[in-house]
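Notes follow once the structure below has been shown.
The values are calculated or read from the model by the stated rules, or taken from the named source; none is laboratory data. These figures come from a predicted structure and were not determined experimentally. FYI the Cβ positions are ideal-geometry reconstructions off the backbone, even for glycines, and counts take in every protein chain you see. Surface accessibility is based on the protein's heavy atoms, side chains included, excluding ligands, DNA and RNA. Shrake-Rupley method; radii C 1.70, N 1.55, O 1.52, S 1.80 Å.
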Amino acid sequence: MNEQTIAEDKLELHPIDKWLRSERMPHIWCPGCGIGPTLYAWIRALDRVGIPKEKVVYVSGIGCCGRGSGYLDVDGFHTTHGRAIPFAIGLKLVKPELCVNVISGDGDLFSIGGNHFIHACRRNVDLLVICTNNFIYGMTGGQLAPTTPLGDRSTTSPYGNIEPSFNTPHLADASGAVYVARWTSIHVRRLEKSIAEAMEMKGFRYIEVLSPCPVSYGRRNKLPEPDDIAEWFRQSSIIRNGANTSEVQIEKEKPLILGNFVKRVGKPTFYELMKKLEEKVRGR
Amino acid sequence: MRKAVLTGKHFWYGNIAIAEGAIVAGCRFFAGYPITPASEIAEHISRRFPEIGGTFVQFEDELASIAAMLGASWAGAKSMTSTSGPGFSLMQENIGLGVMMEVPIVIVNVQRGAPSTGLPTLTAQGDVMQTKWGSHGSYEIIALSPDSPQEAFNLTIRCFNLAEKYRVPVILLTSETVGHSAGKVVVPPKDKIELVQRKKPKVPPEDYLPYKPDEDLIPPMACAGEGYAFTTTGLTHDEKGYPDTTAEAHEKLVRRLNDKIRRHLKDIVDVEEENMEDADIAVVSYGQVSRPARKAVGMAREDGIKAGSIKLITIWPFAEHVIHRWAKQVEYFVVPELNYGQIYLEVKREAAGEAKSLLIPRMGGKLITPTEIYREIKKVSEK
């Protein structure tokens, strides 16, 4: 059918189209990438919880995932490498009524931005942080990440990685996050439910999404086809809600433990404590 | 409990005057990290903000502090941090983001001896060129330098006004000496203080282009949560705020980011001239050094030497038209500064072919005295 023959009011939109800047499509992400499904789950969760568009803020850092904030039709901030979390903290503390989300990659959040991550957990700042962990620096061409599994090859570990990788849910848990979960980008519905659950909570909430990068990670690690990594996720995943986060380290030959691991209720947020302090000082 | 504007006469350290100036200017978000000799500013704000309803956060480092300020400014708050050399170095990358995204923020740099950890408790003026060129790329920035607690108070307010007007990070380039000297500070009544707020969009959200400038080259600024659904990035971008890395887009954007400052030089640049009408020798100074410099000019005048003083209040953009004009009259520019030659280079460049320039450099964390400057003026007058 010729596109031009469809009247505009007859065009059927995809349910999530209203959230996207369609004029910016196609996006830059490669076939098989997990960022798209992750954003899809996030958008569906926004709809499920019923958060209006004008309340949504999307802050990203640098890397493939960083580009996401420019594709969504919400207030979007594509910041510097590693600084998405503190940028989002400043914004959220000034406008606490907004739903502020940081969606960024493993290199951005755990290498260059690692210090901000643990301190934001400790302070219990009211943020939802989603990490698309693809085990590699994708945009720069496949260099070693703090999440690259032991032994894996990258362009800067051509003989195999000798560094232990971060167990990011354990790091978040130990640093004080009130919600910690891990899913993969093929578990879209479970991920959506988990994001929605996190959105209805207050405080520092963290969800890790294991995400295929066939081009920069898979090709060098015997998973070269677009669905090879997805297949690894499908075959190796075990869902264990409430698992002890110290036991969910990702190791290549072992099962991938997924689930909603931590839910702490009643821990006051930084903003709540700041307002309490203000009352105390003013009442002096 | 104290009010926001403490109208009246006070005896304040320079650093306290800066904190109070920020509060008067409407600053309600402060993010910082402890560092000598700037910590008193953060300490004072942490005591004052709960009284007046502001957000104070001591972050894990300066990288986080400046990032948080940018986020807070995008949420609509006037935001400030205070730091010294090592922390200022750490902030450089996000100063660039502030320039690129056009975010009003104020950074106070209480200068100390450097390079590196240098002289943490002693004074210097060594960060002048870093303030201009510290982040990567071609950009223009605004920096002001006070010489006393009163001027520190006044200029902090002006920093906020300029940041809001030009949508650019503004640096208050002060020093340990000013920060740790006490003096009289007069805070005027609230309604006598002129405050500038950023331009807001006048069009409905569907027509709003976040980087479409007005005639003055400055785009109106929507903030997060106001329903404009805008996107912004540190990448080269078009008027919609979308990444556009073509040669044309980059040329256009970088030119505008620079020209919006360059074209308003006369509005931004502030100098104080004394005894310049018939001067043969001009002492060009800024910050704390302008106090001994003015005294030295007085001593020279008593000796019958036709000396005058040009005090730079605005450091960046450089007062090139001022130096250029006086270069036609004076024979010598004498530039005392607490470094090994920074503003001197700018003066020399502008005076080239018209007048000579002499640097009086001083390192070591000690002030330069009126007599030392006077001696150099005398030597030059005898040439």
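Mean partner shielding of peptide B:227-237, defined as the number of other chain Cβ atoms within 10 Å of each residue Cβ, is 6. Report note on the peptides A:154-162, B:17-25, B:54-62: ranked by the mean count of other C-beta atoms within 10 Å, highest first, their order is B:17-25, B:54-62, A:154-162. Which whole-number percent gives the relative contact order of chain B, counting Cα pairs below 8 Å spaced six or more residues apart? For chain B, the relative contact order is 16 percent.
The alpha-carbon atoms of segment A:118-222, seen along their principal axes, cover 43, 29, 20 angstrom, with the largest extent given first. Only the Cβ atoms of Lys and Arg (+1) and of Asp and Glu (-1) were treated as charged; on that basis the dipole of segment B:8-192 about its Cα centre amounts to roughly 540 debye. Charge dipole (Cα centre; +1 on Lys/Arg Cβ, -1 on Asp/Glu Cβ; no other charges) of the protein assembly as shown amounts to roughly 1580 debye.
Find out how many positive minus negative residues lie around residue B:106, taking Lys and Arg as positive, Asp and Glu as negative, among other residues whose Cβ is under 15 Å from that of residue B:106. In short, +2. Among the residues of B:216-225, the average count of other protein chain beta-carbon atoms within 10 Å of the residue beta-carbon is 3. The calculated P(r) of segment B:272-381, using every Cα pair and 10 Å bins from 0, goes 17, 54, 28, 1 in percent.
Of the residues A:142, B:26, A:237, the one whose Cα sits farthest toward the positive end of the charge dipole of the protein assembly as shown, with +1 on the Cβ of Lys and Arg and -1 on the Cβ of Asp and Glu, is B:26. Beyond 24 Å in Cα-Cα separation lie the following of the pairs B:295/B:356; B:266/B:383; B:184/B:306; A:202/B:78; B:184/B:266; B:3/B:199: B:266/B:383; B:184/B:306; A:202/B:78; B:184/B:266; B:3/B:199. Derived from the Cα gyration tensor, the three semi-axes of the equivalent ellipsoid of segment B:291-352 are 20, 15, 10 Å, largest first. At what distance in angstrom do the alpha carbon centres of segment B:341-383 and segment B:44-118 lie from each other? After rounding, the separation between the Cα centres reads 33 Å. Using the Cα coordinates of the protein assembly as shown, the gyration tensor eigenvalues translate into equivalent-ellipsoid semi-axes of 51, 26, 24 Å, sorted from longest to shortest.
Each of A:176, A:34, A:274 was scored by the projection of its Cα onto the charge dipole of chain A, and the greatest displacement toward the positive side belongs to A:274; charges sit on the C-beta of Lys, Arg, Asp and Glu. The mean number of Cβ atoms from other chains found within 10 Å of a Cβ in peptide A:60-66 is 1, as a whole number. By the equivalent-ellipsoid construction on the alpha carbon gyration tensor, segment B:250-289 comes out with semi-axes of 33, 11, 9 Å, ordered largest to smallest. Of the two radii for segment B:117-275, the radius of gyration is 1.03 times the Kirkwood radius, both from the alpha carbons; that is the Rg over Rh value. The Cβ shell under 11 Å around residue B:78 holds other residues with a net charge of +1, Lys and Arg each +1, Asp and Glu each -1. With protein chains left intact and a 1.4 Å probe, residues in the protein assembly as shown average 40 Å² of accessible area per residue.
Ordering A:166, B:29, B:11, A:270 by accessible surface, largest first, gives B:11, A:166, A:270, B:29; the 1.4 Å probe counts only protein heavy atoms, with every chain in place. Per the Debye formula on identical point scatterers at the alpha carbon atoms of segment B:8-192, with no solvent, log10 I(q)/I(0) at q = 0.13, 0.15, 0.19 Å⁻¹ is -0.56, -0.77, -1.30.
Relative to the compact-globule estimate of 2.2 N^0.38 Å, the Cα radius of gyration of chain A comes out at 1.02. With Rh defined as the Kirkwood radius, the inverse of the mean 1/r over Cα pairs, the Rg/Rh of segment A:182-229 is 1.15.
For residue A:206, neighbours were defined as the other residues whose beta-carbon sits under 10 Å from its Cβ, and their charges (Lys and Arg +1, Asp and Glu -1) total 0.
Translational diffusion of segment A:27-80, estimated by Stokes-Einstein from the Kirkwood radius over alpha carbon pairs at 4 °C in a medium of 1.567 mPa s, is 110 µm² per second. Shown here is the pair-distance distribution of chain B: with all Cα-Cα distances grouped in 20 Å bins from zero up to the longest one, the shares run 29, 56, 15, 0 percent. When the helices of the protein assembly as shown are scored as -39500 (n - 2.57) per DSSP H run of n ≥ 4 and the total is divided over every residue, the value at 222 nm lands at -10000 deg cm²/dmol. The ratio of the alpha-carbon radius of gyration of segment B:201-310 to the globular-protein estimate 2.2 N^0.38 Å is 1.77.
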